1. Amide H of Ile170: which non-local residues (sequence gap of 5 or more, or other chain) have their own amide H closer than 5 Å, using H built in the peptide plane?
2. Which FRET efficiency, nearest 0.05, do Glu31 and Glu58 yield, Cβ-Cβ r, R0 35 Å?
3. Rounded, prolate or oblate: which fits the stretch 75-186 when a ≥ b ≥ c are the square roots of the eigenvalues of the alpha-carbon gyration tensor, with rounded for a/c under 1.5 and prolate only if a/b beats b/c?
4. Which order do Leu154, Leu48 take when ranked by solvent-accessible area (1.4 Å probe, heavy atoms of all protein chains), largest first?
5. Given contacts defined as C-alpha pairs under 8 Å and at least six residues apart, what's the relative contact order of the stretch 80-129, whole-number percent?
6. Across the stretch 45-186, how many lysine pairs separated by 8 or more positions, or lying on different chains, have Cα atoms within less than 12 Å?
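The values are calculated or read from the model by the stated rules, or taken from the named source; none is laboratory data. Predicted, not measured: the structure shown is a model, and the values here were computed from it. With ideal geometry, Cβ positions are generated from the backbone for all residues, glycine too; neighbour counts draw on all protein chains shown. Ligands, DNA and RNA are excluded from the accessible area calculation, which covers all protein heavy atoms including side chains. Shrake-Rupley method; radii C 1.70, N 1.55, O 1.52, S 1.80 Å.
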Amino acid sequence: MKKALLIVMLMMTVILSACSNNSTSSAPATEEEVQETVQNFYNEMSKLEESGKSSLEEFNEAIAGYSAGELTDKQLEKKIKQFQSTATDLSNQAEKVKISSSLPEDIRKLLEESKISFESAYSLKKEASQGADSANVTAEQFNELNQKADIAMLFGISKLNEAREATGLIDSEGEATSVSGDVVQE
């Protein structure tokens, strides 16, 4: 009887231990899993960046069109609202990109810094666009906000490329080494 009770208690300890290990930490990722995770993160951010570029181009064309007298106040306002909506969506999408806890700490930190930078860049672009038709914002202030957004974006790209280099996806020259995909251009 004592032996059976001891076996049951040992089994319960093993089961509880296994359950707690699964819920609190995950096994370290293999090199291939790390590369795949970083590549997937890169792909997500590249999609966001492409959406941001095309939206920004449309916004800049609208500003130029308004300055040239080709757009009315209402048309410009509509373009600004579209850009702001897109910038908000992009910031929210960047925030939702998951970073696996099984990644090595240095890689996870680089991806987190990249993610925060992308979020900040899109938020700053939205803020700058809010001043585009405001009498309270000077052209200098508008340009300064855009420059800050560009710096945040470049920092995010830099951190992402550092993670890609650290995982062997690209070499120090930015050329793909083991996984095919486009290289984020700085």
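1. Glu165, Thr177
2. Details: r = 41 Å, r/R0 = 1.17.
The calculated FRET efficiency here is 0.30.
3. Numbers: a/c = 2.60, a/b = 2.23, b/c = 1.17.
In terms of gyration-tensor shape, prolate.
4. On the way: Leu154 85, Leu48 10 Å².
My answer, sorted largest first, is Leu154, Leu48.
5. On the way: 34 pairs, mean separation 29.1, N = 50.
Normalised by residue count, the contact order of the stretch 80-129 is 58 percent.
6. Working: Lys53/Lys125; Lys81/Lys126; Lys96/Lys115; Lys98/Lys115; Lys109/Lys159; Lys115/Lys159; Lys125/Lys148; Lys126/Lys148.
Lysine pairs meeting the criterion: 8.
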